[in-house]
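Below is one structure, written out as C-alpha cells; the observations come after it.
The values are calculated or read from the model by the stated rules, or taken from the named source; none is laboratory data. Worth saying up front: this structure is predicted, and the values here are computed from it rather than measured. All Cβ positions, even for glycine, are placed from backbone atoms using ideal geometry, and neighbour counts span all protein chains on display.
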Amino acid sequence: AQKVTQAQTEISVVEKEDVTLDCVYETRDTTYYLFWYKQPPSGELVFLIRRNSFDEQNEISGRYSWNFQKSTSSFNFTITASQVVDSAVYFCALSEATAAGNKLTFGGGTRVLVKP
Amino acid sequence: DAGVTQSPTHLIKTRGQQVTLRCSPKSGHDTVSWYQQALGQGPQFIFQYYEEEERQRGNFPDRFSGHQFPNYSSELNVNALLLGDSALYLCASSLGEFDLSSYEQYFGPGTRLTVT
C-alpha cells in the first residue's frame, strides 16, 4: 500500500527566510509519480510540481526547489526567500502508474505561516 | 479555458439525509476523481470515473456513490449522512489515457459539506 508522511504539521518563519518541507513516501511499485500541491485558505489545491520515479534530477523554479532522493524515499520542497503570500498548507502526494487509474495518496500536509 | 468547477459551494444537511455534489471537469479532460478532506487532514481518495464507469475506488462505504455523464461531468452522492461526513469534497479532473500527461490532476474549489 502507498503511504505519504509529512512529519512537520506547521512551520512558522519570518518573511525572507527559507523554509524546507519534508516528505517521505512508501510504495512497492518501481514506477510512480510524486507531486506537491499548495492549498491556500480558499481551499483549492494548486499543482506545483510532478516528478516520476525515474527522474531524480532536482529542479528549481523561481523561488521553489525540489530535492528527490529515491534512496531515502524522500521528496523535499524548499521555498527560498519566503513571502507572506506563501502562507498555505502544502501537500505531498504519490500516484502509482497503473492503467487502473491515477489516484493520489496525500500526506497530512504542512501548514506554512510566513510572518511579515 | 474553464477550470474545474463544483457546485454548490457550501451545503448544510441533517444526519440521515442524502446529498448530491456536482463537478464539471477542465475543458478537454475526461476523467473525474473525488476526494474527501476532513478538517486539518490531507485529501482522501473516494473514487475515479472514466468513460462513465467507476475505474478506481478508495476505502469508502457504499453510501458513497457516483456517476459520470456523457459530457464527462460527474456527481457524488452520499446517502444516510453521518456527522463524520462533514468535510470539504474536492473534485479533480485529468486525462484518462495511460500517458504521463494524465497524471496531473487539476482540482476544483471544493464543496464544503456540514452535517448537523
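Odds and ends about this structure:
- Any hit, the range B:14-27, residues being touching a His at 6+ places or on another chain (Cβ under 6 Å), more than 11 Å from chain A (Cβ to nearest Cβ) and surrounded by 16 or more Cβ atoms within 10 Å (Cβ to Cβ): no
- Residue match in the range A:38-54 (condition: hydroxyl-bearing (Ser, Thr, Tyr), modelled with pLDDT of 90 or more and closer than 20 Å to B:Tyr35 by Cβ): no
- Only listed residue being of a type outside the set (Ser, Thr, Tyr) and over 14 Å from A:Lys38 (Cα atoms), chosen from A:Phe77, A:Phe54, A:Phe91: A:Phe54
- Positions within the range A:46-68 being over 12 Å from the mean Cα position of the chain (by Cα), within 10 Å of chain B (Cβ to nearest Cβ) and under 19 Å from A:Asp86 (Cα atoms), in sequence order: none
- Close pairs from the range B:46-65: first without any contact (Cβ under 8 Å) to a residue 60 or more places away in the chain and under 13 Å from B:Ser93 (Cα atoms), partner assigned to a strand (DSSP E or B) and aliphatic (A, V, I, L, M), Cβ under 6 Å, at least 6 apart: B:Tyr49/B:Val32
- Tally, over the range B:32-52, of residues that are in contact with an Asp or Glu (Cβ under 9 Å, 6 or more places away or on another chain), more than 8 Å from every other protein chain (Cβ to nearest Cβ) and either surrounded by 21 or more Cβ atoms within 10 Å (Cβ to Cβ) or not in a loop (DSSP other than H, G, I, E, B) (or both): 2
Here's the yes/no breakdown for (1) closer than 17 Å to B:Gly42 by Cα; (2) in contact with a strand residue (DSSP E or B) (Cβ under 8 Å, 6 or more places away or on another chain); (3) not polar (S, T, N, Q):
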| residue | (1), (2), (3) |
| --- | --- |
| A:Val4 | yes, yes, yes |
| A:Thr9 | yes, yes, no |
| A:Arg28 | no, no, yes |
| A:Gly43 | yes, yes, yes |
| A:Ser65 | no, yes, no |
| A:Ser74 | no, yes, no |
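- Annotation: of all residues in the range B:53-69 being assigned to a strand (DSSP E or B) and among the basic types (Lys, Arg), the one that is surrounded by the most Cβ atoms within 10 Å (Cβ to Cβ) is B:Arg55.
- Among the residues of the range A:45-78, those that are in a strand (DSSP E or B) and farther than 21 Å from A:Asp18 by Cα comprise A:Arg50, A:Arg51, A:Asn52.
- Pick from the range B:70-116, criterion assigned to a loop (DSSP other than H, G, I, E, B), within 14 Å of chain A (Cβ to nearest Cβ) and over 10 Å from the mean Cα position of the chain (by Cα), ranking: modelled with the highest pLDDT: B:Pro109
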